[in-house]
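J.: Can you read through this structure? Questions will come right after.
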Amino acid sequence: MSEAAMVMGRSAETSKAVQYTRAFVGLFLRDLYVLRRELFPFAIRICMNPLLFLFVFTFVMPHMSGGAAMNPTAAMAGTSFSTVLLPGLMAVAIMFSGIAAVALPLAQEFGVTREIDDRVMCPLPVAAVAIEKICFSALQSMIAAAIVFPLAYYVPSTPVVAHVTSWPFLMLVLVLASLTSGALGLTIGTSVKPQQIGLIFGVVVMPITFLGCVYYPWAQLDKIRWLQRGVLVNPIVYMSEGLRAALTPTLQHMSPILIVSMLTFFLVLLTWLGVKGFMRRVIG
Amino acid sequence: MIVEIEGLQKIYDGKQRVVAVDGIDLTVREGELYGLLGPNGAGKTTTISICTTRALPTSGRVRIAGVDVVAAPAIARKGIGVVPQYNTLDRACTIYENIHFHCLYFGFSRTEAKQRTEQLLAQFHLTERAGAYPSQLSGGLAQRVQIARAIAHRPKVLFLDEPSAGLDPQSRIAMWDAVRGLRQEGITVVLTTHYMEEADELCDRVAIIDHGKILVEDTPAALKASIGAQRVYQLDLRDRSKCYEAVEVLKKLSGVNEAETTDKGVRIFAQGTDGLLSEIVQAANPYGLRDLTINETSLETVFIRLTGRDLRE
């Protein structure tokens with residue numbers, strides 16, 4: 001190849017990269033813009049679940065006479081339930097955002113409006129349109145997780161014992177968990193028929209939440225071995241355990257290396273499935 | 001050639017094997033207004049979907065401005081504008097934002113995007129509705145916004161899929177004007193339609209397509225001249241058993257070029273000779289003439305001649 005041809009080839013590569021990046025940024029800006037306009041519904045969506053949960057279980061119940069008997073984890077040695085709940089509720093917030101930001105809108109776009117057909121006409125690879133959805137959902141997940149903090153500080157009647165030993169580890173877990181939940185939303189949104197999207201709350205969201213070590217640490221399941229093994233296929237387990245390891249290390253938690261590798265594994269798997277499903281749905 | 005389609009085939013393998021596009025070859029010149037005319041299910045939309053990278057062909061090749069749409073879809077999309085059959089406007093954004101963000105997706109700077117958006121809103125008489133949301137628009141207006149948005153990034157080719165489907169006659173004429181206006185900008189337009197008036201009125205060249213194949217391709221005038229008749233008379237006869245006999249009788253009338261049997265009776269291709277109508281009626285009466293329709297030569301009569309069917313059947 002002559003030098004001129006090489007230079008031209010290189011500049012074509014650069015201009016392609018610039019074209020893709022600009023389209024990606026454009027899509028992200030559009031999502032950000034729309035989110036900013038719908039800030040109020042967004043705030044309600046992300047606050048309601050953790051707020052009510054904390055209110056009922058860590059404020060109302062302890063105030064009841066005999067509240068200790070009703071407190072589901074009163075027996076958990078030396079730790080208040082609110083401390084168990086903090087990382088768990090953050091994991092739920094992250095996961096809910098993935099569903100609400102990707103799966104539900106996608107179901108609508110595939111089924112009713114077909115707006116997606118226009119997004120697919122943007123000058124970047126179709127897979128990148130799907131990846132953009134994951135990234136934007138991750139941003140919402142992180143905001144949703146951050147909101148749990150002040151709520152957990154002010155609402156419970158017993159103080160939360162949180163202590164961050166390693167900020168980089170916390171950030172890593174937060175980012176991995178948020179991206180994984182976006183990828184989960186993409187996989188659900190592209191694999192479920194639009195008419196059946198209402199069902200996923202019963203079939204997917206509820207089971208993975210309740211069996212996601214959200215309301216109890218994984219180590220405490222040791223009395224029920226089959227369940228302790230079974231929940232390992234649930235990505236939410238690694239989100240809540242990861243946040244537990246990063247935020248409330250006083251509680252028992254899984255090994256950080258295991259958590260990070262499993263989150264990475266689920267991120268890759270779900271992104272692959274989601275992108276594949278997305279391509280199948282938009283390209284005839 | 002700005003659009004080059006070679007041996008295009010699309011087969012949907014499923015419970016039922018459907019050959020949607022069956023070996024289409026066509027080329028469109030730069031600046032041309034090209035029409036794909038055919039009944040519903042002829043393969044027009046599939047062809048357009050493949051050209052616009054939204055479907056993959058089973059075999060064959062499509063190049064838009066020299067870029068292969070299968071090998072480099074993301075690059076090809078820069079040169080393509082699309083207006084699909086259904087409304088794909090971003091429901092969460094206003095008209096202004098729809099066009100503005102479209103410009104950003106295609107790499108415009110914010111200032112450029114603002115300028116281009118304002119210019120397009122003015123060009124398509126949308127400035128007053130700039131702040132409206134897509135759900136507040138009538139079909140005709142939404143269609144105009146879609147066209148404005150599709151050409152915002154200055155594509156080389158604009159694909160319009162059934163642009164007048166669902167539009168009232170007035171909006172249709174406004175849409176035609178908008179499309180004609182595009183040629184001043186040098187944009188090549190490829191449209192599909194099953195309205196022959198639309199193809200006749202708008203297009204420089206028309207391909208008539210049926211069952212995934214191109215039957216004929218030429219200018220509307222040449223296509224109409226090709227069937228060698230100015231009018232088509234369709235006769236409904238009560239006595240079907242005698243259709244063949246009727247054809248023989250009618251063929252002998254002066255001015256009749258050809259006659260053939262149909263499901264309902266007889267079809268005659270004829271010159272516009274004076275007094276032919278009453279002669280036809282007289283000759284057909286003994287066979288129980290129930291009804292008679294006359295079509296001036298149009299692309300529809302070309303289609304009838306080629307397929308023996310009505311375009312709307």
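J.: Please report, in whole Å, how far the alpha carbons of region B:1-69 spread along each principal axis, starting with the longest.
T.: Cα extents, longest axis first: 41, 25, 18 Å.
J.: Taking R0 as 35 Å, what FRET efficiency do you get between residue A:33 and residue A:112 from their Cβ-Cβ distance, rounded to the nearest 0.05?
T.: That pair, residue A:33 with residue A:112, gives E of 0.95.
J.: Output the relative contact order of chain B, whole-number percent, from Cα pairs under 8 angstrom with separation of 6+ residues.
T.: Worked out over chain B, it gives 19 percent.
J.: Return the long-range amide H neighbours of residue B:3 (sequence gap of 5 or more, or a different chain), with a cut-off of under 5 Å between placed amide H atoms.
T.: Excluding prolines and chain starts, which carry no amide H, the hits are B:28, B:65.
J.: So for region A:180-284, Kirkwood radius off the Cα pairs, Stokes-Einstein at 10 °C and 1.306 mPa s: how many µm² s⁻¹?
T.: Translational D for this selection: 107 µm²/s.
J.: Would you mind checking which residues have amide H under 5 Å from residue B:21's amide H? H placed 1.01 Å from N; only 5 or more apart, or other chain.
T.: B:10
J.: Could you tell me the ratio Rg/Rh of region B:143-229? Both radii from Cα atoms, Rh via Kirkwood.
T.: 0.99
J.: Sort the following peptides by mean Cβ neighbour count (other Cβ atoms within 10 Å, averaged over residues), highest first: B:206-214, B:3-11, B:16-24.
T.: B:206-214, B:3-11, B:16-24
J.: Cut-off is 10 Å between beta-carbons; in what order do B:124, A:59 appear when sorted fewest neighbours first?
T.: Ascending Cβ contact count within 10 Å gives the list A:59, B:124.
J.: Fully extended, how many nm does the chain gain between residue A:224 and residue A:49 (0.36 nm per residue separation, minus their Cα-Cα distance)?
T.: Extra length available between residue A:224 and residue A:49 comes to 60.2 nm.
J.: With the Cα gyration tensor of region B:177-313 in hand, give its eigenvalues times 5 under a square root as the equivalent ellipsoid semi-axes, listed largest first in whole angstrom.
T.: Calculated on Cα positions only, the semi-axes equal 34, 15, 12 Å.
J.: Moving on. Count, for each residue of B:97-107, the Cβ atoms from other chains sitting within 10 Å of its Cβ, then give me the mean as a whole number.
T.: Partner-chain Cβ atoms within 10 Å, mean over residues of B:97-107: 6.
J.: Report the residues of region B:136-175 in range of a label on residue B:85: point 7 Å along Cα→C-beta, backbone N strictly under 11 Å from it.
T.: B:161-163, B:165-166
J.: Ok, one more. Angle between the Cα long axis of helix B:110-123 and the longest principal axis of chain B, 0 to 90 degrees, nearest 10?
T.: Taking the Cα atoms of chain B, the angle to B:110-123 is about 30 degrees.
J.: Residue A:189: net charge of surrounding residues, Cβ under 10 Å, Lys/Arg +1, Asp/Glu -1, itself excluded?
T.: Local charge sum for residue A:189: +1.
J.: While we're here: Return A:170, A:176 ranked ascending by Cβ neighbour count within 10 Å, so the fewest neighbours appear first.
T.: Exposure proxy ranking, most exposed first: A:170, A:176.
J.: Mind telling me which of A:214, A:161, A:203 comes out most flexible in a GNM of chain A, alpha-carbon contacts under 10 Å?
T.: Checking each option, the largest mean-square fluctuation is seen for A:203.
J.: How high is the FRET efficiency from residue B:29 to residue B:58, r the C-beta distance, R0 22 Å, rounded to 0.05?
T.: 0.25
J.: If you take the beta carbon distance between residue B:22 and residue A:40 as r and set R0 to 41 Å, what does 1/(1 + (r/R0)^6) give as a FRET efficiency, to the nearest 0.05?
T.: 0.15
J.: Please check: in the Gaussian network model of chain B (C-alpha springs, under 10 Å), which one of B:297, B:53, B:111 has the largest mean-square fluctuation.
T.: Answer for the Gaussian network model of chain B: B:111.
J.: Can you list which of the DSSP-assigned H helices in chain A have a Cα extent of 20 Å or more along the long axis and an average Kyte-Doolittle score of at least 0.5?
T.: Flagged H segments are A:39-54, A:81-98, A:126-154, A:167-191, A:256-282.
J.: Here is a further query. Could you tell me which of rounded, prolate or oblate describes region A:176-236, using a ≥ b ≥ c as the square roots of the eigenvalues of the alpha-carbon gyration tensor, with rounded for a/c under 1.5 and, failing that, prolate when a/b is larger than b/c and oblate otherwise?
T.: prolate
J.: Which whole-angstrom value gives the distance between the alpha carbon centres of region B:177-217 and region B:122-169?
T.: 18
J.: Right, something else. Using a Gaussian network model on chain B with a 10 Å cutoff between Cα atoms, which of B:82, B:28, B:281 fluctuates the most?
T.: Of the options given, B:281 has the highest mean-square fluctuation.
J.: Going by a ≥ b ≥ c, the root eigenvalues of the Cα gyration tensor, does the protein assembly as shown fall in the rounded group (a/c under 1.5), the prolate group (a/b larger than b/c) or the oblate group?
T.: Prolate.
J.: Continuing with the same structure: Per 10 Å bin from zero, what fraction in whole % of the C-alpha pairs of region B:3-224 is there, up to the bin with the longest pair?
T.: The calculated distribution, bin by bin, is 8, 33, 36, 19, 4, 0.
J.: Also, I was wondering about something else. Could you check the spin-label model distance between residue B:295 and residue B:260? Points 7 Å from the Cα along Cα→Cβ, value in nm.
T.: The answer from the label model is 1.2 nm.
J.: To continue, here is another question. Any chance you could tell me what percent of the C-alpha pair distances in region B:102-201 go past 17 Å?
T.: Value for region B:102-201: 53 percent of Cα pairs lie more than 17 Å apart.
J.: Given Cα positions, please report Rg to Rh for region B:228-296, the hydrodynamic radius being the Kirkwood one.
T.: Rg divided by Rh gives 0.91.
J.: Mean residue ellipticity at 222 nm from the helices of chain B, using -39,500 (n - 2.57) per DSSP H segment of n ≥ 4 over the full residue count, to the nearest 500 deg cm²/dmol?
T.: Using -39500 (n - 2.57) per qualifying helix, the result is -10000 deg cm²/dmol.
J.: Could you let me know the centre-to-centre spacing of region B:219-280 and region A:86-110, using Cα atoms, in angstrom?
T.: 67
J.: Taking θ as phi - 60°, what are the ³J(HN,Hα) couplings along region B:174-184 by the Karplus curve (6.51, -1.76, 1.60), each to the nearest whole Hz, with x for Gly and Pro?
T.: After applying 6.51 cos²θ - 1.76 cosθ + 1.60, I find 4, 5, 4, 4, 4, 5, 4, x, 5, 5, 4 Hz.
J.: Please check which bits of region B:75-92 a label hung off residue B:135 would reach, taking the label as a point 7 Å along Cα-to-C-beta and the cut-off as backbone N under 16 Å.
T.: The answer is B:87-92.
J.: Let me ask another. Using 5 Å bins from zero, what percent of all Cα-Cα pairs in region A:38-282 falls into each bin?
T.: It works out to 1, 7, 14, 18, 18, 16, 12, 7, 5, 2, 1, 0, 0, in whole percents.
J.: Across peptide A:27-36, how many C-beta atoms of other chains are within 10 Å of each residue C-beta, on average?
T.: Partner Cβ neighbours, averaged per residue: 3.
J.: Need one number: % antiparallel among DSSP beta bridges in the protein assembly as shown, to the nearest 5.
T.: Counting DSSP beta bridges with both partners in the protein assembly as shown, the antiparallel share is about 70 percent.
FYI, it's all coordinate maths here, none of it is from the lab. None of the values given here were measured: they were computed from a predicted structure. Using ideal geometry, Cβ is built from the backbone for each residue, glycine included, and neighbour counts are taken over all protein chains shown.
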